[in-house]
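Undergrad: Next up is a structure, given as structure tokens.
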Amino acid sequence: MFATRRLFSAVTKKTTGMYGLPVHPDPRPHLITIYNDTLKTLEKFPTHAVYRQATAALTNHRLNVVKNTEDISKIEEALDAGQIEEVVVQAVEELKLAGKMLEWKPWEPLETPAPKDQWNYKFNEHN
């Protein structure tokens, strides 16, 4: 009964109201798969990598919400990241970025040291 009600509410949503973003027929399993794939990718990063730490924390939070909540509107409310279709797009893009970050290895030292004071920004009262 509950699964039928959930499916019925997903089917009755005719549009996201956003051009080019169709209604996702069954977003929960898709999100769970994407989040698990992202976490597997992040396991390949060094544990000290800030990107791994931050992205794993966010991904685990979202995965727990999606796993523990059947109602799509409650997932949207808990995540506060837009419609569920937007959340799917975000998850897919984060997975792609994780793959790129793994390739780029931003945790490794720079090939050429940064110039002295490159990251020091001095502002006076008039800026």
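Undergrad: Note down the relative contact order for the chain as a percent, whole number, built from C-alpha pairs under 8 angstrom at least six residues apart.
TA: On the way: 79 pairs, mean separation 35.1, N = 127.
Reported relative contact order: 28 percent.
Undergrad: Tell me the per residue accessible area of region 7-107 using a 1.4 Å probe; a whole number in Å² is fine.
TA: Numbers: 6100 Å² over 101 residues.
I get 60 Å² per residue for this part.
Undergrad: In whole percent, and with a 1.4 Å probe on the protein chains, what portion of the accessible area of region 8-96 is carbon and sulfur? Walk me through the numbers before you get to the answer.
TA: Details: 2950 of 5230 Å².
Carbon-and-sulfur percentage of accessible area, whole number: 56.
Undergrad: In addition: Please compare each pair in LYS14/LYS67; LYS14/LYS74; LYS44/LYS67; LYS13/LYS74; LYS14/LYS40; LYS67/LYS96 to a cut-off of 27 Å on the Cα-Cα distance and tell me which ones are over it. Working shown, then result.
TA: On the way: LYS14/LYS67 24 Å; LYS14/LYS74 19 Å; LYS44/LYS67 24 Å; LYS13/LYS74 15 Å; LYS14/LYS40 34 Å; LYS67/LYS96 22 Å.
Going by Cα-Cα distance, LYS14/LYS40 fall outside the 27 Å limit.
Undergrad: Write down the radius of gyration of the chain and its Dmax, each obtained from C-alpha positions, in Å.
TA: So, for the chain, Rg and Dmax equal 19.6, 66 Å respectively.
Undergrad: Of the peptides 75-82, 107-114, 27-34, 44-51, how do they stack up when ordered by the mean number of other Cβ atoms within 10 Å, highest first?
TA: Values: 75-82: 15.1, 107-114: 7.9, 27-34: 17.4, 44-51: 12.8.
Highest mean packing first, the order is 27-34, 75-82, 44-51, 107-114.
The values are calculated or read from the model by the stated rules, or taken from the named source; none is laboratory data. A quick note: this is a predicted structure, and the numbers were derived from the prediction, not measured. Glycine also receives a Cβ, built like all others from the backbone with ideal geometry; neighbour counts cover every protein chain displayed. Heavy atoms of the whole protein, side chains included, go into the accessibility calculation; ligands, DNA and RNA do not. Shrake-Rupley method; radii C 1.70, N 1.55, O 1.52, S 1.80 Å.
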